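Step one of this worksheet: look at the structure below.
The values are calculated or read from the model by the stated rules, or taken from the named source; none is laboratory data. Worth saying up front: this structure is predicted, and the values here are computed from it rather than measured. Note: ideal-geometry Cβ built from the backbone for every residue, glycine included; neighbour counts use all protein chains shown. Accessible surface is based on the protein model in full, side chains and every heavy atom, while ligands, DNA and RNA are left aside. Shrake-Rupley method; radii C 1.70, N 1.55, O 1.52, S 1.80 Å.
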Amino acid sequence: MDTVTQCPSLKPKDYKSGTKPVWCPGCGDYSVLLAITKAMAEMSLSPENVALVSGIGCSSRLPAYLNVYGFHAVHGRALPVATGLKVSRPDLTVLAAGGDGDGFSIGGNHFMHACRRNVDMTYIVMDNQVYGMTKGQASPTTDPDWDKSKLTPGGTKINPYYPLVIALASGANFIARASSTDPNGAAKVLVDAMRHPGFSFVHMLSPCVTFRPEQKDWKKMVRSAPVEPTTDPAIAAKRLMTDDNFFLGTLYKGDRPAYQPELKATVDNISELDKGFIL
Amino acid sequence: MNASNSLSKADLLARTLTMLSETVERYDLFADQMDVVNNPEAATLFRWLSEKQGSRTQVVKKLSEGLTLPHISPWDYDWDDAINTEVPGHSSAHYMMTPYHTLSLAIDVEQSAARLFSEIEQTAQTDETKKLAHGFAREASEFRDYLEHKRSEHPLPEKDWDEDYDPPQLLE
Amino acid sequence: MNDIAFSSSSNSKGAPQSLSIALLGSGGSGVMTAGGQLLDAAGQAGWYGMMTRSSGPQIRGGEAAALLRLSPQPVETHKGRFDILLAIDWLNADRFVGEIILDQKSIVIGDSGGTVPEAISKMGGRYVELPLTQLAKSINGGRPNMVALGALAQLIGLPLRALETVLSKSLAKKGQDAIDASIAGINAGAEQASAIPDIPDFAVTPTENQERWSITGNEAAGLGAIRGGIRFVAAYPITPGTEILEWLAPNLKKVGGVLVQAEDELASINQLIGGSFGGTPSLTATSGPGLALMTESIGLAVASETPVVVVDVMRGGPSTGIPTKSEQSDLNIALYGLHGDAPHIVVAPMSIGDCLFTTQWATHLAETLQTAAIVLSDQSLGQTRALIDKPADIAFVSGGRTLTSKSENFQRYVVNDCGVSPMSIPGTPGCQYTADGLEHTPTGTPSSRAEDHIQQLNKRKRKLDQFDYGDHWAKILGEGETAVLTWGSSTGPVREAIAMLEAEGKHVRLISMRLLLPIQPERLAAALQGVEKILVVEQCHGAQFYHYLRAHYDLPGTLRSMAVPGPLMIRPDDVYSELTAWENA
Ligand SMILES: Cc1ncc(C[n+]2csc(CCOP(=O)(O)OP(=O)(O)O)c2C)c(N)n1
Ligand code: SF4
Ligand SMILES: [Mg+2]
């Protein structure tokens, strides 16, 4: 991923827009925002050459808090918006971000196909295993017996979804986990993700203090994965299938070339196209 | 930051500066958060803390004049929210937090800082860093003491201080 | 500015002289190929014409018909009645009853030894047998469809030279042997046909040969998109919109653009929004079910003021409906299908050639007004191939993306008189903003304040209402106290019906609306000056266009609705009868 102009003098806070977040104090998403700004500063990105696209949810409010180009789209559709942007503007650094509901439930199909299409972008899913914005319903990553939502008395009784496994099976070129409880470590993962060509998926644990207060304990449960990132999908598969959701770090780095059609005209004048119709 | 025995003066200053300015930013953020959730008391206290920390940052900046400070990537610091508390973690804020909580949070920060700098002082290789770390440690403990004194002016929070009689908002 | 809805050489009074041919055969017999070659040859010889395809539900094989109409003047619609029906075989041919009408004057040609189905023979017509298969067998590499083609050329007086030119071009890849075999086939067919006695003079004389195009509405829409500046397309295939995409994919590449095949329509519309946000004019093509899936995000395009163009090539609905046949029944969803108050543009091409102009215009409007534009084409326009005069080369100056350098106090959604705010594209320093579907302040910050909502609602409406759409909003022809109000593909048959009445000395006004949203009440009122009777013609069971007119316009005099569902196309005769019956009532 190449960025034309760089801004070495920018500090993390220079990537913030100044708009005050609406998030609950204590929410993990603040740390994610911080980690993103740290990663951008570390990479000396020029804010005008970066775009961050999100869907709908607490976590998806993120773009407004950054000083880069942003798009706050509709629920579940951050990835296609980001895809269209990157494919037509390969010169930009493109990120997509959102929640577990946004990315894995309503946007689940796009997630699979974005992994498969392998456009050069980084997708951050802030997983709090709940729909924060709509008052705490179960999401695809919620445990089956979590019974605090009125919509699913007694729990969902449905097994959770394993986003990293699905990312690998669908063809994502970079798979990592980070945690908002460690914004500096998360910044490192984000830098690696943004530097890696193709579609990079970062599973970002980000506690919801309001609807999942027990997630405060995540900071004691996360730990660095005691392994180096593998380039072997078979090893990665085993690693991700036995993962307990709390190993942090880059877990898989593929070498598939990114999808990027060449945008170079081969005719000087569009009137050339008329020729196909002339009798 | 684990006490590192090879810390040069520039290293120590660079790390301290980052630590302090992150703390300032965090206090500012907390103040903003408290504005947004309509908790003016906590907001005012956080602004005051930010100011105090800001003037300490200025002092360290002065000490660094003429030196070229190394760039240290975020992940090269050992502190983070999970383990260290020299910078208050995002998760330590609460929308109903009282002045007592606010000051306790800051006390914890200074306590950790004092401990860290004492460790650095003990393992430092040069007199210069030793002296510097000693000074930082003393400042942190003094500020901690001051904050403790200030906290004693506020009542202890009630048992159910975080009980909210209204459910959270349903948005979007 | 030249309006290209109707070709200019069609000004003569009365319905065009013309000749209709139906070429039937089972899949694999090559009737579609032969029909296309006949059309192209007719174009070579200086005729105008059109061809539609009709077929059974089978994916391969099954019965198929190429329906042609040839004329010295441009034609846009079928008459229904056919002068010649030639069947290579008769398997399942009765399914075309209703679509193909024959009478005593028609000539019905079949292969020797075949049996004409009763449903067809009872319509009338003179039956002639030709040894199509036998002749084909006598030629090395010969095929019955080429023999049939030669016979048809002979019957209608089409110079064989024109056919030879077309065949040499289309078979070039297959080599000289294939060309020779085909030419031998057409010669054999022509010779055989010349022996048929009493062939009427179809009097289809060629006109002066200017540059003529052979194009479908779908191809024309694709070209209009590229002329309008579209360089990014994302789409999911659906009949009958797919051919727009098939034409665009290779041609966009030539001009430095790209087409991405998306995972579904939710993805395609959102990819457009991303492409457009990045500064690249973006379009998708779909049909009713796809449009239905896209509506949430079209609302996002409206709210975030991101230009996008959606071409809906309508088919019979609802649900999968009759996907290979035409209907104008997506009007309601295009006009009213968005959630919230979401002013946007809806336009409709009124002829095959006009698919080019209208798609180009829609792109210009979307870009200039920073909004979503829906183009309502349909299967009959999209999939019909027509010979038309070279379309005018029109250039619009679109002014949507105004900011290309740093600007002080940039406010993406600033409230101003014209309602169109400056828009920066990513990469422009100092003009970063977050495009938002949440209601927002002029800077784009989310806001739920009443004041912000009303300001932004007004602004998004104002920019569409105040824009000068000029004469393009409709096509108005003729005078008279009776008017026909119509839109889209219904325009062709209406126009021909009016021409038939004209030949009888009766004057009827034609108003075909190209711009459906925003509404144009003053312009329509002016166009209807002096009108006492209005017939509203549309291809739709629910009379959606009629209800739209009643809801938004003050219409003078008495009103009558002629709302006909698909799959059979409205014919000039139908409209003629309706108008005549009303006059005599
Ligand atoms: C089409 C549509 N359906 C439903 C909603 C309501 N909705 C808004 S956010 C959300 C879930 C958000 O959960 P998640 O993506 O996990 O984000 P979080 O708030 O937890 O960060 C839902 C269901 C919507 N905005 N749009
Ligand atoms: S509801 Fe949960 S996810 Fe949403 S802002 Fe509050 S803590 Fe964060
Ligand atoms: Mg969530």
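Ligands, DNA and RNA aside, C:Phe410 has an accessible area near 30 Å² when probed at 1.4 Å. When shorter helices are ignored and each DSSP H run of at least 4 residues is given -39500 (n - 2.57), the per-residue value for chain B at 222 nm works out to -21500 deg cm²/dmol. Remark on C:Val484: its backbone amide H falls under 5 Å from those of C:Arg509, C:Leu510, C:Ile511, C:Leu535, a criterion applied only to residues 5 or more positions apart or on other chains, H modelled at 1.01 Å from N. Taking B:His94, B:His149, B:His134 as the candidate residues, the one with maximal mean-square fluctuation in a Gaussian network model of chain B, Cα springs under 10 Å, is B:His149.
Each label point was placed 7 Å from the Cα along the Cα-to-Cβ direction; for C:Lys390 and C:Lys169 their separation is 1.4 nm. Each residue of the range C:500-510 was assigned a 3J(HN,Hα) from its phi angle through the Karplus curve 6.51 cos²θ - 1.76 cosθ + 1.60 (θ = phi - 60°); the sequence is 5, 5, 4, 4, 8, x, 9, 10, 10, 8, 10 Hz, with glycine and proline shown as x. The mean count of C-beta atoms from other chains within 10 Å of the C-beta of residues in C:422-434, rounded to a whole number, is 6. With Cα atoms defining each centre, the range C:265-324 and the range C:379-414 are spaced 16 Å apart in the structure. Please work out whether the range C:214-389 counts as rounded, prolate or oblate from its C-alpha gyration tensor, where a ≥ b ≥ c are the square roots of the eigenvalues and a/c under 1.5 means rounded, while otherwise a/b larger than b/c means prolate and anything else oblate? Rounded is the answer for the range C:214-389, as its axis ratio a/c remains below 1.5. Taking all protein chains together and rolling a 1.4 Å probe, C:Lys254 ends up with roughly 80 Å² accessible.
Put a dot 7 Å past the Cα of C:Gln466, heading toward its Cβ, do the same for B:Asp11, and the two dots end up 6.4 nm apart. Overall form of the range C:473-584: oblate. Here a/c, set by the Cα gyration tensor axes a ≥ b ≥ c, is 1.5 or more, and a/b is not larger than b/c.
Contact order, relative form, for the range C:214-389: 31 percent (alpha carbon pairs under 8 Å, 6 or more residues apart, mean separation divided by residue count).
From helices alone, chain C scores -11000 deg cm²/dmol at 222 nm; the rule is -39500 (n - 2.57) for each run of n ≥ 4 DSSP H residues, then divide by the residue total.
Only lysines eight or more places from C:Lys137 in sequence, or on another chain, were considered; those with a Cα closer than 25 Å are C:Lys169, C:Lys173, C:Lys174.
Each residue was assigned an accessible area with a 1.4 Å probe, and for C:Leu160 the value is about 50 Å².
Assign one of three labels to the range C:242-306, namely rounded, prolate or oblate, based on the Cα gyration tensor with a ≥ b ≥ c the square roots of its eigenvalues; rounded applies when a/c is under 1.5, prolate when it is not and a/b is larger than b/c, and oblate otherwise. In terms of gyration-tensor shape, oblate.
With contacts taken as Cα pairs under 8 Å at a separation of at least 6 residues, chain C carries a relative contact order of 13 percent. Counting lysine pairs in chain B whose alpha carbons fall under 30 angstrom apart, excluding pairs fewer than 8 residues apart on the same chain, gives 18. Derived scalar couplings between HN and Hα for the range B:24-31 equal 4, 4, 5, 4, 4, 4, 4, 4 Hz in order, rounded to whole Hz, by the Karplus curve 6.51 cos²θ - 1.76 cosθ + 1.60 (θ = phi - 60°), x for Gly and Pro. Reducing the range A:115-133 and the range C:77-139 to their Cα centroids gives an inter-centroid distance of 61 Å.
Note on surface exposure: C:Asp83, C:Asp573, B:Asp127 rank B:Asp127, C:Asp573, C:Asp83 by accessible area, highest first, 1.4 Å probe. As a length-normalised measure over Cα pairs under 8 Å and 6 or more apart, the relative contact order of chain B settles at 27 percent.
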